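Participant: Here it is: the structure, laid out below.
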Amino acid sequence: MSSTLGDPSSSQNQTSVSPIFPNLHQGLCDNCNSQPQRWDPLKGQYSNYCSDSCAIGSILRVLQLDSNLAGHQKASTGVNANANASSVLDVCNHCMQRPRYTDGTTVHPYCGRTCARLAKGKGPANVNAPAPTSYVNTANPFAFASPTRGTTLADTTGALGITPPTNSRNVIGSVNRRKSVRMPSVLTPIDFHTSSTTTRNNRSTVYWGSSAGQTCLIAGCEAPVYVGSNGFASKYCGRTHKQLGESGCISCRGAQTDGSIVFCRPCYDGLLYTAPTIVEVPRDHERYKSVESQFKQKWLHSKKCPQVRAIYKIVSTRTNVTKYERYLNLIEAKGKFTSKGKSRGNENRRWHGTTRVCNIGDKGVTRFCSNPSCSLCCIMRTSFDLSFFAKKTSFGRFGSGIYTSATSSKSDAYSQNSCISQWKAMLLNRVVVGKGYKLKVDNTALTAPPAGYDSVIAEVGARLNYDELVVYNNDAIRPSYLVMYDTPK
């Protein structure tokens, strides 16, 4: 680095001969003129400064003292450079990290008594303290903004030609516990080579650390993601968008859901035109967590509960949705379940396992196959059909009906792969239970629930180890979620 920031011919810059390179000399720091210059092993020479703090402080001091240029710029452009620089210049002159102490009337040059004593030579200098990163505004090269968390020390010191200390915390956000400042897109870092840039809607934004290249997931939001004090990036720019992303529309990720569905009304209406289809549920969404929790909590068999790998929302055709809603309203009008504190029509979510011939549900596979032997695709495409009961099974403990269970591990026994896949598939369905008739013994002759009832609830007893729920009307059930999980071991 050039020695224009300090006078190398100064009498205070006493030199000594390097034992390794006799032609190189060590002097005093160009900034503080009290500590010896630090040896830079990468460049094979002495740095102009004793520490990173002095290197940064020297540059900031020159810019702060150059009031004539700042005044000229203000007169010509109307921009007050010193005002824009306050976010960096108002830090402690010694540690270059914490804000200067103010007593209400005076802004002191140090953050507290400790740094004041250290700066006056009454204690050791904090030579390993991370220095703040400075960002140059391309429209105003003398204006600065605070760095975002996740900015590494090397991003700053690399541009200044100095080596960051190996024993310091390398991520500024790990030291500074104050709320991070998101960097506007007009700001670009001094060291352009260590940054990563992403372009979105003809706008270039620079990001740092673990948040490199990431913008908020909410549709239409171009703000950088929030980076926490631990240096790890969120998927969203702030708390409001985080709440929206975890509870809003899973399709556009930018609007509130419409009622009980997981889509906003515009997205849902659009999907109905392409239905039947499936849409992957984001892992951080509350509906994903709800389905995953039900899967794990109701895994009751001795095999270890497998890991859920993906969850898809099944979008049925408008006709199938209408038929189901009509039946649901009919059962509710008859039983008035909501007045008893239950869900409309006493609707519940139940599991169903079946045969998968294709690889739908595997990573990147969302298109239904046309193989009539693939029961999974047939059910998701057209819903359940009682006419297939005798063709798919030769035994029904409670007659010719559509069988589901609250126990996910029981339904897993019926989930079969006729394809090569590391994952298995299971359906979570909306089932109109209505008034259920409870049974503990077999009744294979049933083709409908007993008179006055809407379904059969098979309870655990002498012949049954796990629960079952049986409905005898095609419109009493609709597939709702496709859950992909590891093969149990």
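The values are calculated or read from the model by the stated rules, or taken from the named source; none is laboratory data. Please read these numbers as outputs of a predicted model, since none were measured by experiment. A quick note on method: Cβ atoms are made from the backbone with ideal geometry, for glycine too, and the neighbour counts reach across all protein chains shown. Remember, those area values only see protein heavy atoms, side chains included, never the ligands or the DNA or RNA. Shrake-Rupley method; radii C 1.70, N 1.55, O 1.52, S 1.80 Å.
Participant: With r as the distance between the Cβ atoms of residue 463 and residue 323 and R0 = 30 Å, compute the FRET efficiency 1/(1 + (r/R0)^6) and round to 0.05.
Facilitator: The calculated FRET efficiency here is 0.35.
Participant: Given labels modelled 7 Å from the Cα in the Cβ direction, how far is it in nm from residue 349 to residue 435?
Facilitator: 2.8
Participant: Now for a different question. Which of the peptides 214-221, 373-380, 270-277, 476-483 is most tightly packed, and how do the rest follow, going by the mean number of other Cβ atoms within 10 Å of each residue?
Facilitator: Listed from highest to lowest mean packing, they are 476-483, 373-380, 214-221, 270-277.
Participant: Using just the Cα positions, wrap segment 435-489 in a convex hull and report its mean projected area in square nanometres, one decimal place. Walk me through the intermediate numbers first.
Facilitator: Numbers: hull surface 22.7 nm².
For segment 435-489, the mean projected area of the Cα convex hull comes to 5.7 nm².
Participant: Just subtract the alpha-carbon distance of residue 240 and residue 293 from 0.36 nm times their residue separation and send over the number in nm, one decimal. All intermediate terms of the calculation are to be shown ahead of the outcome.
Facilitator: Values: separation 53, 0.36 × 53 = 19.08 nm, distance 2.45 nm.
Going from the current span to full extension adds 16.6 nm.
Participant: Further question: What is the magnitude of the charge dipole of segment 274-385 about its Cα centre, with +1 placed on the Cβ of each Lys and Arg, -1 on the Cβ of each Asp and Glu, and no other charges, expressed in debye to the nearest 20? Each step should come with its number before you reach the end.
Facilitator: Values: 23 positive and 9 negative charges, 67 e Å.
So the dipole magnitude of segment 274-385 works out to roughly 320 debye.
Participant: I need the fraction of alpha carbon pairs in segment 325-480 separated by more than 19 Å, rounded to a whole percent.
Facilitator: On the way: 6674 of 12090 pairs.
Distances greater than 19 Å cover 55 percent of the Cα pairs.
Participant: Using a Förster radius of 25 Å, what is the FRET efficiency between residue 301 and residue 420 based on their Cβ-Cβ separation? Nearest 0.05, please.
Facilitator: 0.50
Participant: Based on Cα positions only, what radius of gyration and what Dmax would you give for segment 392-460, in angstroms?
Facilitator: 14.1, 46
Participant: Oh, and also: May I ask you to derive the FRET efficiency for residue 395 and residue 260 from their Cβ-Cβ distance with R0 = 51 Å, giving the value to the nearest 0.05?
Facilitator: 0.90
Participant: What's the carbon and sulfur percent of segment 398-489's accessible surface, probe 1.4 angstrom, rounded to a whole number?
Facilitator: 50
Participant: Calculate, in nm to one decimal, what residue 339 and residue 451 gain on full extension: separation in residues at 0.36 nm each, minus their alpha carbon distance.
Facilitator: That works out to 38.1 nm of additional length.
Participant: Give me the dipole magnitude in Debye, nearest 20, for segment 312-370 about the Cα centre, with unit charges on the beta carbon: positive for Lys and Arg, negative for Asp and Glu.
Facilitator: Dipole of segment 312-370, to the nearest 20 debye: 160 debye.
Participant: I need the trypsin sites (Lys or Arg not before Pro) found in segment 388-480, filtered to DSSP loop residues with at most 12 other beta carbons within 10 Å of theirs.
Facilitator: In loop regions of segment 388-480 (DSSP not H, G, I, E or B), the sparsely surrounded trypsin sites (Lys or Arg not before Pro) are 440, 463.
Participant: Continuing with this model, one more query. Would you kindly state how much longer the chain becomes between residue 107 and residue 273 on full extension, computed as 0.36 nm times their sequence separation minus their alpha carbon distance, in nm to one decimal?
Facilitator: Stretched out fully, the residue 107 to residue 273 stretch lengthens by 53.3 nm.
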